[in-house]
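The values are calculated or read from the model by the stated rules, or taken from the named source; none is laboratory data. Just so it is clear, the model here is predicted, and its values are computed rather than measured. A quick note on method: Cβ atoms are made from the backbone with ideal geometry, for glycine too, and the neighbour counts reach across all protein chains shown.
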């Protein structure tokens, strides 16, 4: 299990298909400037791909040694950009250098044009060294984020540093993810919106941050939810741009101009291993999210409300399909990817509308997918390369190249024109996938990436929590958003010491609360194996419990207190439903009182807001020294 746990963590190449992150220009896609390609969904408009390959595989244009890491490759104006660490890619102990490299390569030859090297401490690299994040090109700038959350804006032509931020040192961000057992370093790939770049950061009030592209100025910071390594996407709901951020235990919609959290919905694997990029099915307003191990997959429908907020309704949920990492694609109403975790993984097709599995194919294991010209290119983690046609009826394998790579390949490939760029932990190759007579090298594009929206971004500064609507209770209901620390001296801790599911026993020392603009409140703790709790004022919600069972609650506002009542069912030792009542009340002193009553016993827990994160050695699941 640890192998696959770490495998998910170290994979920066975590994605499903999503739509809406960029507008397509006319003609074929002639660049790959961000994670997932022109539209951030691994579906590209290329033509002239061959329908079969020679027995020895597609023609190799060039190959070169590179280094360890899982960073994807982006291409702009004839140059490839990626990241690596010098070291041994074949062992779990290294050795690895204590530096990382951003490199620009000539796309036609693979030769190094420039390299930027910086100090980078080791994280838990027992299942593959960082860096894990994929660079981003916007105009003349290249943006990268390293293992230790070092953010650089570089001149893409020279590698000169334009500006930089150390997200840990300057903003107090957690050095690693808080809950997982294996903590392998930063992996989220940044996204461009208007004149900003947006990426997950972590820490109280700054789960996500937006920086001005020109000078690195902080435009906004927002969110108190757990972060993950998943790449954010942009979608449009009722004509309004929304930033979708897959957190460690939630899926969240933010205003990309201000950072305000518009909505939040729990999807908690209990360990922050939400690694896959969400899939947006625009024709149905459906958002698909999936995780390995415990949680599985769910689709939620996003509907504009008359009050300007977004209504979130869960359409389906299931545990049979578990997309863990690497890239997956959506074609029409079907999503294709490799599903599985502890056991074998199978190429799988599911109907995004229902969650029904259309088919599973046992001949292809855990793989990244890229789709173009009516064909899918699949790079398996063991280095096998496959060309196939996918449909709701099944898969047709057109050609295969066994063992393109010798070490683990967890980096999603890049396709520009008819040239495929791929890497493992030792080398990088360029392959000609074109049909006879087709150009093997894509034309050189000009101009910056065409983003979803245009114009200036919002006002500088932090996203104001007071601006977030409090739901049905109106202005009298306070915002519960925050990272909250337990005051044990002021609390009375009885037997039911925490909201069911947040910890196994005792009271949680830290609560992460998201109070979204549409009124939904989601509560998370820092305990590995815990499950996020959701309250929807005026409605009823059901949350899973660990190790089994559910808690169903109806919530309402009573003045400045959110009160929820319901029952626990299916928990170990329960033979009948157990009544429970929980109240979250904001005091005049700004402190949060959480009262929990189960049966005849009551706990009263008092929390104060915090703006700092303790050293990772003191976390409930501490980092390794």
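Structural remarks
- Residues in region 519-533 that are on the phi < 0 side of the Ramachandran plot and surrounded by fewer than 21 Cβ atoms within 10 Å (Cβ to Cβ): 528 alone.
- Conditions (1) under 19 Å from residue 426 (Cβ atoms); (2) more than 26 Å from the chain's Cα centre (by Cα); (3) surrounded by 14 or more Cβ atoms within 10 Å (Cβ to Cβ): number failed by residue 60: (3)
- Tally, over region 97-135, of residues that are assigned to a strand (DSSP E or B), in contact (Cβ under 8 Å) with a residue 24 or more places away in the chain and farther than 21 Å from residue 188 by Cβ: 6
- Among the candidates 417, 434, 394, the residue that is closer than 25 Å to residue 104 by Cα and in contact with a strand residue (DSSP E or B) (Cβ under 7 Å, 6 or more places away or on another chain) is uniquely 434.
- Residue within region 383-390 that is under 22 Å from the mean Cα position of the chain (by Cα), under 21 Å from residue 39 (Cβ atoms), at pLDDT 95 or above and not in a loop (DSSP other than H, G, I, E, B) present: no
Matching residues to (1) farther than 26 Å from residue 176 by Cβ; (2) surrounded by 24 or more Cβ atoms within 10 Å (Cβ to Cβ); (3) out of contact with any strand residue (DSSP E or B) (no Cβ under 9 Å at 6 or more places or on another chain); (4) in contact (Cβ under 8 Å) with a residue 40 or more places away in the chain:
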| site | (1), (2), (3), (4) |
| --- | --- |
| 225 | no, yes, no, yes |
| 245 | no, yes, no, yes |
| 261 | no, yes, no, yes |
| 288 | yes, yes, no, yes |
| 306 | yes, no, yes, no |
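- Restricting attention to region 181-218, the residues that are part of a loop (DSSP other than H, G, I, E, B) and either free of Cβ contacts under 8 Å to residues at least 40 places away in the same chain or farther than 22 Å from residue 327 by Cα (or both) total 15.
- All conditions in (1) modelled with pLDDT of 95 or more; (2) part of a loop (DSSP other than H, G, I, E, B); (3) over 22 Å from residue 384 (Cβ atoms) hold for residue 54, with the sole exception of (3).
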